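**Q** If you scroll down you'll find the structure; I have some questions about it.
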Amino acid sequence: MELHRPPTEFERKVFDALHLIPRGKVTTYSQLGKYINCRSPRAIGQALKRNPFAPETPCHRVVSADLKIGGFGGQRDGEPIDRKRRLLEGEGVTFAPDGSIAPECYYSFDE
């Protein structure tokens, strides 16, 4: 069992950046990492996995570099991924026939 603890300074940077992603948009682990000066998409994923403020702090808006849905809550398939897709669809994110996020729903922090 993981002990509950306050977010680290790094996790706070990740969580703060999530609030910049508009409803109906997604970004990638690597794009979020670039924004906060972190070169490790895995580190971003680990921080997101520990997000105690979801869904108000919208970690579900971060997807893989190929715009596939990626992981959610430390899982790569099953109910958590179905839940992530429902959250995204509920915000207006659209999906291509292959299951990837429609390119017009991509958000770059440069916008």
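Every read-out reported here was derived from the displayed coordinates using simple, explicitly stated rules and does not represent laboratory data. Worth saying up front: this structure is predicted, and the values here are computed from it rather than measured. Note that we place each Cβ from the backbone using ideal geometry, even for glycine, and neighbour counts take in every protein chain shown.
**Q** What number of residues within the stretch 57-80 satisfy the criterion of being polar (S, T, N, Q) and within 19 Å of F15 (Cβ to Cβ)?
**A** Number satisfying all stated conditions: 1.
**Q** Hey, does the stretch 83-96 have a residue that's crowded, with 16+ Cβ neighbours inside 10 Å, part of a loop (DSSP other than H, G, I, E, B) and among the acidic types (D, E)?
**A** Checked against the condition, which is being crowded, with 16+ Cβ neighbours inside 10 Å, part of a loop (DSSP other than H, G, I, E, B) and among the acidic types (D, E), the stretch 83-96 yields at least one hit.
**Q** Another question about this same structure. Quick one: in the stretch 50-82, of everything that is among the charged types (D, E, K, R) and farther than 22 Å from S40 by Cβ, which residue is surrounded by the most Cβ atoms within 10 Å (Cβ to Cβ)?
**A** Here the answer is D82.
**Q** Suppose we filter S108, S100 for residues that are of a type outside the set (V, I, T) and either loosely packed, with under 12 Cβ neighbours inside 10 Å or closer than 14 Å to I21 by Cβ (or both); which single one remains?
**A** S108
**Q** For R86, indicate whether it is over 10 Å from the mean Cα position of the chain (by Cα) and more than 19 Å from T8 (Cα to Cα).
**A** So R86 passes the test.
**Q** Inside the stretch 36-48, can you point out the residues that are in a helix (DSSP H, G or I) and either on the phi > 0 side of the Ramachandran plot or not hydrophobic (A, V, I, L, M, F, W, C) (or both)?
**A** Matches in the stretch 36-48: P41, R42, G45, Q46.
**Q** Report yes if some residue within the stretch 49-68 is without any contact (Cβ under 8 Å) to a residue 12 or more places away in the chain and part of a helix (DSSP H, G or I); otherwise report no.
**A** no
**Q** Collect the residues in the stretch 1-35 that are part of a helix (DSSP H, G or I), in contact with a helix residue (DSSP H, G or I) (Cβ under 6 Å, 6 or more places away or on another chain) and either β-branched (V, I, T) or farther than 14 Å from A54 by Cα (or both), keeping them in residue-number order.
**A** V14, Y29, S30, L32, G33, Y35
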